[in-house]
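J.: Can you keep this structure in mind? I'll have questions shortly.
The values are calculated or read from the model by the stated rules, or taken from the named source; none is laboratory data. Model, not experiment: these values are computed from the prediction. Virtual Cβ from ideal backbone geometry, glycine too; neighbours counted across all protein chains shown. We work out accessible area using only protein heavy atoms, side chains counted, and drop any ligands, DNA or RNA first. Shrake-Rupley method; radii C 1.70, N 1.55, O 1.52, S 1.80 Å.
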Amino acid sequence: MTLAELVLTGDLARPARLTVPDLLRWPQHRVRVSFECATSGIQHHGFTGPRLYDVLTAAGPGFDPGRRKDRLRFLIAVSGADGHHALLSWAEIDPDFAHAPVLLGVSIDDSPLDGAGPQLVLPQDRCGARHISGIRGIRVDGGYGGWHPESATPGRVSAATP
């Protein structure tokens with residue numbers, strides 16, 4: 001069996017390529033989730049895996065220790081093998097802020113995901129829209145530090161109108 005590989009890229013000191021067996025080296029957490037899906041009704045599952053925060057922290061996100069709350073400008077983009085994508089902010093997973101228990105699921109209902117690859121599990125989401133199966137890539141991006149919104153006239157849209 002070929003193992004699916006997850007690639008960690010972006011503003012990281014230690015980018016990595018990880019498989020489910022690699023992810024089993026982190027502390028494992030178990031969550032029960034209920035997703036209310038518009039197309040398939042309510043689904044109940046149990047997932048086991050490491051916290052996304054632990055895996056990304058080990059990869060060394062490029063936070064600037066001289067900038068107050070620098071972590072808040074970082075985004076996390078997750079891509080699945082089926083083309084689905086999800087976006088999270090670092091503040092969602094950081095224990096100093098929202099501390100959401102987001103997992104990289106390595107098993108679902110006690111079935112290993114070695115061949116399919118890990119799944120993004122957000123137990124706090126009522127709908128499973130940000131649940132990504134077969135994760136192939138996670139990009140950490142802190143490139144928003146120099147961005148400043150342009151001035152706009154109050155009550156007017158500043159973007160070009162057709």
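J.: In the stretch 92-127, what residues are assigned to a loop (DSSP other than H, G, I, E, B), under 15 Å from His45 (Cβ atoms) and open to solvent by 40 Å² or more (accessible area, probe 1.4 Å)?
T.: Listed by number, the residues that qualify are Pro101, Asp109, Asp110, Ala116, Gln124, Arg126, Cys127.
J.: Take Asp22 and tell me if it is in contact with a Phe, Trp or Tyr (Cβ under 8 Å, 6 or more places away or on another chain), surrounded by 12 or more Cβ atoms within 10 Å (Cβ to Cβ) and either in contact (Cβ under 8 Å) with a residue 24 or more places away in the chain or within 16 Å of Thr57 (Cβ to Cβ) (or both).
T.: No.
J.: For the stretch 60-80, which residues satisfy the criterion of being touching a residue at least 40 places away in the same chain (Cβ under 8 Å), farther than 15 Å from Arg17 by Cα and surrounded by 13 or more Cβ atoms within 10 Å (Cβ to Cβ)?
T.: Pro61, Gly62, Phe63, Asp70, Arg73, Phe74, Leu75, Ile76, Ala77
For (1) assigned to a strand (DSSP E or B); (2) among the hydroxyl-bearing types (Ser, Thr, Tyr); (3) more than 28 Å from Arg126 (Cα to Cα), each residue gets a yes or a no:
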{"position": "Ala4", "(1), (2), (3)": "no, no, no"}
{"position": "Val7", "(1), (2), (3)": "yes, no, no"}
{"position": "Pro27", "(1), (2), (3)": "no, no, no"}
{"position": "Phe35", "(1), (2), (3)": "yes, no, no"}
{"position": "Thr39", "(1), (2), (3)": "no, yes, no"}
{"position": "Leu72", "(1), (2), (3)": "no, no, no"}
{"position": "Val78", "(1), (2), (3)": "yes, no, no"}
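J.: Now a separate question. Report whether or not Thr57 is assigned to a strand (DSSP E or B) and either surrounded by 16 or more Cβ atoms within 10 Å (Cβ to Cβ) or free of Cβ contacts under 8 Å to residues at least 24 places away in the same chain (or both).
T.: Answer is no for this residue.
J.: I need a count of the residues in the stretch 32-54 that are β-branched (Val, Ile, Thr) and surrounded by 11 or more Cβ atoms within 10 Å (Cβ to Cβ). Full working, then the answer.
T.: Taking the stretch 32-54 and keeping what is β-branched (Val, Ile, Thr), we get 33, 39, 42, 48.
This time we only want the ones that are surrounded by 11 or more Cβ atoms within 10 Å (Cβ to Cβ), so: 33, 48.
Within the stretch 32-54, residues that are β-branched (Val, Ile, Thr) and surrounded by 11 or more Cβ atoms within 10 Å (Cβ to Cβ) number 2.
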